[in-house]
1. (1) under 27 Å from residue 28 (Cα atoms); (2) outside the structural domain of residue 53 (by TED's automatic domain parsing); (3) in a loop (DSSP other than H, G, I, E, B); (4) in contact with a strand residue (DSSP E or B) (Cβ under 8 Å, 6 or more places away or on another chain): which one isn't true of residue 349, the others all being true?
2. Does residue 218 satisfy the criteria of being modelled with pLDDT of 95 or more, out of contact with any strand residue (DSSP E or B) (no Cβ under 7 Å at 6 or more places or on another chain) and assigned by TED's automatic domain parsing to the domain that holds residue 90?
3. Just to be sure, is residue 207 within 14 Å of the ligand (Cβ to nearest atom), assigned to a helix (DSSP H, G or I) and at pLDDT 95 or above?
4. If a residue must be touching a strand residue (DSSP E or B) at 6+ places or on another chain (Cβ under 6 Å) and either more than 16 Å from the ligand (Cβ to nearest atom) or part of a loop (DSSP other than H, G, I, E, B) (or both), how many such residues does the range 49-66 contain?
5. Confirm whether residue 286 is in a strand (DSSP E or B), touching a strand residue (DSSP E or B) at 6+ places or on another chain (Cβ under 9 Å) and farther than 21 Å from residue 232 by Cβ.
6. Counting only residues that are at pLDDT 95 or above, within 16 Å of the ligand (Cβ to nearest atom) and either closer than 20 Å to residue 216 by Cα or in contact with a helix residue (DSSP H, G or I) (Cβ under 6 Å, 6 or more places away or on another chain) (or both), how many does the range 113-142 have?
7. Return the only residue of 10, 46, 73, 22 being more than 19 Å from the chain's Cα centre (by Cα) and either modelled with pLDDT under 95 or in a helix (DSSP H, G or I) (or both).
8. Restricting to the range 361-400, name every residue that is within 20 Å of the chain's Cα centre (by Cα), buried (at least 16 other Cβ atoms within 10 Å of the Cβ) and not in a strand (DSSP E or B).
Ligand SMILES: *Cc1c(COP(=O)(O)O)cnc(C)c1O
């Protein structure tokens, strides 16, 4: 049990708390599920890119899936070996491509023909052969929130099967491209296995047809997207997930890469804020806390559900919204929840805040971003200090 009250007294609020032992459990469960074949778990750094989180995963043996050169640098700094780092994303700049090639990471994951041309040019300029994979869009509906669904042709991600095949042939014939991998990622917070299995099957067929023309793919990257429990979802068991993927790979000797973000860190994170006031408007009850949408955006952005709890209070519950002080009606953490009466300084815990929490925080309303604390083997460690007002203005000048 984490002592949220003690942590909030020690570090102040709003505050992020991460249970690192829980992160280890998630990593181990997934790695074990894939143990029947060669595999690399490449943590999707964008879910929570705190250096201590990455370095904790590095020690467990994790690789990193990055979507900017900044994330690649974080992964390297945190001790992830370069041969376990992947660079994905639909819009890489020339300087990002160049730096990734110079760092000699495992591979660049490409999402368009135009991007492949740039990578080839830059590799040629550097006198290198770029290891690449191509993100295939298998046109599968993952049955998740439209903002986090990525595997349909209407999305901006990846290329269709025909284009992919053409790109592989081109890359295979280039002196500066080495097509070693294939990739798909159909969406996030996936709770159904069938779409994943279907997508893997389509991509595995493409690998077989490439093999027939002597293009030998080594890495089969199944993306991330494993869902977690926020409310009462039935999630996919790691074992079933791995078996479903294995079942599509008959006759192929591939290293499976899996890029979980949310699964690895989501349920290990808690967001703490303190009650400032309660008020009732025309019979509607609001609990106003000191955390806000700038600290944790998921409820506002995706209308996402998070479990909430008022620490140490129960009974006499009535319906209320938990809202923050930011000047937007969309600034809420929970709507129409049964909550006990609260008082000034009561502590509210928002659960499952470890993924896409702090990383999406902003300084909107000139609010400093929260501190982050890690709990490992029962001990707490500050892994990011709370920002100060001076931090917020230090890059600005009044020159006019
Ligand atoms: C976002 C993303 C992931 C991680 O998604 P989760 O839902 O957090 O597991 C993995 N791979 C790619 C390419 C992504 O864009």
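The values are calculated or read from the model by the stated rules, or taken from the named source; none is laboratory data. Since this is a predicted model, take the numbers as computed values, not measurements. FYI the Cβ positions are ideal-geometry reconstructions off the backbone, even for glycines, and counts take in every protein chain you see.
1. (3)
2. Values: modelled with pLDDT of 95 or more: yes; out of contact with any strand residue (DSSP E or B) (no Cβ under 7 Å at 6 or more places or on another chain): no; assigned by TED's automatic domain parsing to the domain that holds residue 90: yes.
For residue 218, the condition - modelled with pLDDT of 95 or more, out of contact with any strand residue (DSSP E or B) (no Cβ under 7 Å at 6 or more places or on another chain) and assigned by TED's automatic domain parsing to the domain that holds residue 90 - is not met.
3. Values: within 14 Å of the ligand (Cβ to nearest atom): no; assigned to a helix (DSSP H, G or I): yes; at pLDDT 95 or above: yes.
It is false that residue 207 is within 14 Å of the ligand (Cβ to nearest atom), assigned to a helix (DSSP H, G or I) and at pLDDT 95 or above.
4. First, pick out the residues of the range 49-66 that are touching a strand residue (DSSP E or B) at 6+ places or on another chain (Cβ under 6 Å): 50, 52, 57, 62-66.
Add one more test, that the residue is either more than 16 Å from the ligand (Cβ to nearest atom) or part of a loop (DSSP other than H, G, I, E, B) (or both), and what stays is 50, 52, 62.
Total satisfying the criteria: 3.
5. Numbers: in a strand (DSSP E or B): yes; touching a strand residue (DSSP E or B) at 6+ places or on another chain (Cβ under 9 Å): yes; farther than 21 Å from residue 232 by Cβ: yes.
Judged against the criteria, residue 286 is a match.
6. 5
7. Details: 46 fails: more than 19 Å from the chain's Cα centre (by Cα); 73 fails: more than 19 Å from the chain's Cα centre (by Cα); 22 fails: more than 19 Å from the chain's Cα centre (by Cα).
After ruling out the rest, the residue left standing is 10.
8. 361, 369, 370
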